[in-house]
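Contents: one structure, followed by commentary.
The values are calculated or read from the model by the stated rules, or taken from the named source; none is laboratory data. Model, not experiment: these values are computed from the prediction. Note that we place each Cβ from the backbone using ideal geometry, even for glycine, and neighbour counts take in every protein chain shown.
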Amino acid sequence: MSGQNTVTPTTEGLIEAAKAAKTRGTPPLEKWNPEFCGDLDMQIKRDGTWFYQGTPIGRIELVKLFASILWREGDDYFLKSPVEKVGITVEDAPFVAVDFEVEGIGESQTLRFLTNLGDVAEAGPEHPIRVVRDEETGEPSPYVLVRRNLEALIDRKSFYRLVDLGAHRDGWFGVWSGGEFFGIIPSEDLPQDG
């Protein structure tokens, strides 16, 4: 994230922009091209908790407002309004998938994820699942695309449930959803029973 801080951004302006945009539906962030106004002391932790100046933001509606104007460019995250764009820090992914519903079985299965902020994403071609494995430990971090290019980290209990639904295909162990197969781990890397 850029260390430039040309203007000290205020959260009040962003809150007002988010409220105005929400009354008209999903904010058209892709159409807004404001100047970068510096970094805001705001962070989203790996567990999905939002912090402002080191203090957790306790009002879920305020967090949802900020999330509605969250924008990603490469590895950088911003809160974006028609008149300003401010950088924030995201520790891992901006959302956490805390649960999911299963409809159907096998190749006709659909997985519908729910995030910590109430977003719903039906895994499939438009909302793919991906798994990144830690190079040192091999520990998996699974994600599902929620909206635009913003992902949710799939929480551990949900990931274990996904593994229970897994199948093998073309040398991979993974899950089906929305007519797509999403590989979790190469079949040969799975521990062998016995």
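Okay, residues lined up against (1) of a type outside the set (A, V, I, L, M, F, W, C); (2) farther than 30 Å from Gly58 by Cα:
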{"residue": "Arg112", "(1), (2)": "yes, no"}
{"residue": "Leu117", "(1), (2)": "no, no"}
{"residue": "Arg133", "(1), (2)": "yes, yes"}
{"residue": "Pro140", "(1), (2)": "yes, no"}
{"residue": "Leu153", "(1), (2)": "no, no"}
{"residue": "Val163", "(1), (2)": "no, yes"}
{"residue": "Glu180", "(1), (2)": "yes, yes"}
{"residue": "Ser187", "(1), (2)": "yes, yes"}
{"residue": "Gln192", "(1), (2)": "yes, yes"}
Task: Inter-residue pairs, beta-carbon under 8 Å, first in contact (Cβ under 8 Å) with a residue 12 or more places away in the chain and surrounded by fewer than 19 Cβ atoms within 10 Å (Cβ to Cβ) and in the range 94-117, second polar (S, T, N, Q) and in a loop (DSSP other than H, G, I, E, B), 6+ apart - done: Val98/Asn116; Val102/Gln109
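From Gly166, Gly179, which residue is closer than 19 Å to Gly106 by Cα and surrounded by fewer than 16 Cβ atoms within 10 Å (Cβ to Cβ)? Spell out the reasoning first.
Numbers: Gly166 fails: surrounded by fewer than 16 Cβ atoms within 10 Å (Cβ to Cβ).
Exactly one of Gly166, Gly179 is closer than 19 Å to Gly106 by Cα and surrounded by fewer than 16 Cβ atoms within 10 Å (Cβ to Cβ), namely Gly179.
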Task: Subset of the range 129-157 (residues that are modelled with pLDDT of 95 or more and in a loop (DSSP other than H, G, I, E, B)) - done: Asp155
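Please work out if Arg161 is in a helix (DSSP H, G or I) and of a type outside the set (A, V, I, L, M). Can you show your working first?
Numbers: in a helix (DSSP H, G or I): yes; of a type outside the set (A, V, I, L, M): yes.
Considered against the rule, which asks whether it is in a helix (DSSP H, G or I) and of a type outside the set (A, V, I, L, M), Arg161 comes out as yes.
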Open item on the list: Tell me yes or no: at least one residue of the range 137-149 is within 14 Å of Asp99 (Cα to Cα), surrounded by 13 or more Cβ atoms within 10 Å (Cβ to Cβ) and without any contact (Cβ under 8 Å) to a residue 24 or more places away in the chain.
Closed with: no
Open item on the list: For the range 175-188, give me each residue that is closer than 17 Å to Ser141 by Cβ and in contact (Cβ under 8 Å) with a residue 24 or more places away in the chain.
Closed with: Val175, Phe182, Gly183, Ile184, Ile185
